[in-house]
Structures are given as structure tokens and as C-alpha cells.
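One structure below.
The values are calculated or read from the model by the stated rules, or taken from the named source; none is laboratory data. What you are looking at is a predicted structure, and each value in this text was computed from that prediction instead of being measured. A quick note on method: Cβ atoms are made from the backbone with ideal geometry, for glycine too, and the neighbour counts reach across all protein chains shown.
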């Protein structure tokens, strides 16, 4: 680590990263295992604040308490906000555009950002109840993409 700005250099070309392994952490690992194996969405609940974090965390961002309680938040939530994405992260047009939404799983939960499907943009509204559509169990990998999208609840 350098403390002098004059010592900072940038890297030109390709940097090999194949020898590095990244994990989702303790709480993330539990979240992705439950999603892959059981088709459940877990959150971590702060006993002091009463807030449930989804995806789970190991410390409360409000009071810094250690979070040890994991709860099933269910597969249904409500749209708190949404946007229509017309270009991807590389600036290329998306066809068709994607609807991305913040999904709330209750008054005392954080929101999960994910895709909406099986709904036209003009049919969307704040507060709409939605449900997760998961990949078939045999295709799940323990990634956030195991949730294909959220659709209007039936």
C-alpha cells in the first residue's frame, strides 16, 4: 500500500486474476446456499434495530450489532421503485429493454435490486406485489441469477 500519490501507477494491458478466489462471505454463503438448495430467500435480522437485511449481512449498518439470526423472507415482495434500462453496462442497446426494481419484503427489510418479468412497463406501479421466479433446482448454481426475475404475484 502506498501513501504517496506520486507512487501510484496504473496498469496497462491484461492483469491475470485467475489465482484469486473471492467468496460471498459468511452471510452471503448462507444466502446463496439456501437459494440454491431450498429455493428460499434468507435475510439477517438485527435484534436491536428490528431491521432485516436482504441479502444478509453479518453486522447491522445502523447500530453495528453482530447479526446472528437468519430468517426466511419469503419469495413475495412489493415494488418500491423501478426503472426501464435501455442500454447495458457497456453502452449497447438492450432489446427489449429490461425493467429493474427495488423489491421490499416488508416494512422492516432492506430492498433487493432485481429484474422484473412477465409485465409491461405501463402495467407497473409502486406497491405492486411480485413473486420470485427461480431457475429449476437442478440448474441453480448458488448465484443471484438463480432468481430469473420477479413477476406480478398470482
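Remarks
- Positions within the stretch 62-74 being more than 14 Å from the chain's Cα centre (by Cα) and either farther than 18 Å from residue 113 by Cα or surrounded by 15 or more Cβ atoms within 10 Å (Cβ to Cβ) (or both), in sequence order: 62, 63, 64, 65, 66, 67, 68, 69, 70, 71
- Selected residue (criterion: nearest to residue 74 (Cα to Cα)) from residues of the stretch 27-49 that are part of a loop (DSSP other than H, G, I, E, B) and in contact (Cβ under 8 Å) with a residue 60 or more places away in the chain: 41
- Of 42, 26, 35, 84, all but one fail to be touching a helix residue (DSSP H, G or I) at 6+ places or on another chain (Cβ under 6 Å) and surrounded by fewer than 14 Cβ atoms within 10 Å (Cβ to Cβ); the exception is 84.
Yes/no matrix, rows are residues, columns are (1) touching a strand residue (DSSP E or B) at 6+ places or on another chain (Cβ under 7 Å); (2) within 30 Å of residue 47 (Cβ to Cβ); (3) modelled with pLDDT under 95; (4) surrounded by 15 or more Cβ atoms within 10 Å (Cβ to Cβ):
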{"position": "78", "(1), (2), (3), (4)": "yes, yes, no, yes"}
{"position": "95", "(1), (2), (3), (4)": "no, no, yes, no"}
{"position": "110", "(1), (2), (3), (4)": "yes, yes, no, yes"}
{"position": "115", "(1), (2), (3), (4)": "yes, no, no, yes"}
{"position": "138", "(1), (2), (3), (4)": "no, no, no, no"}
{"position": "146", "(1), (2), (3), (4)": "yes, yes, no, yes"}
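- Contacts under 6 angstrom Cβ, first residue in the stretch 85-98 being closer than 17 Å to residue 116 by Cβ, partner part of a loop (DSSP other than H, G, I, E, B), 6 or more apart: 94/88
- Verdict on residue 55 being modelled with pLDDT under 95, surrounded by fewer than 18 Cβ atoms within 10 Å (Cβ to Cβ) and in contact with a helix residue (DSSP H, G or I) (Cβ under 9 Å, 6 or more places away or on another chain): no
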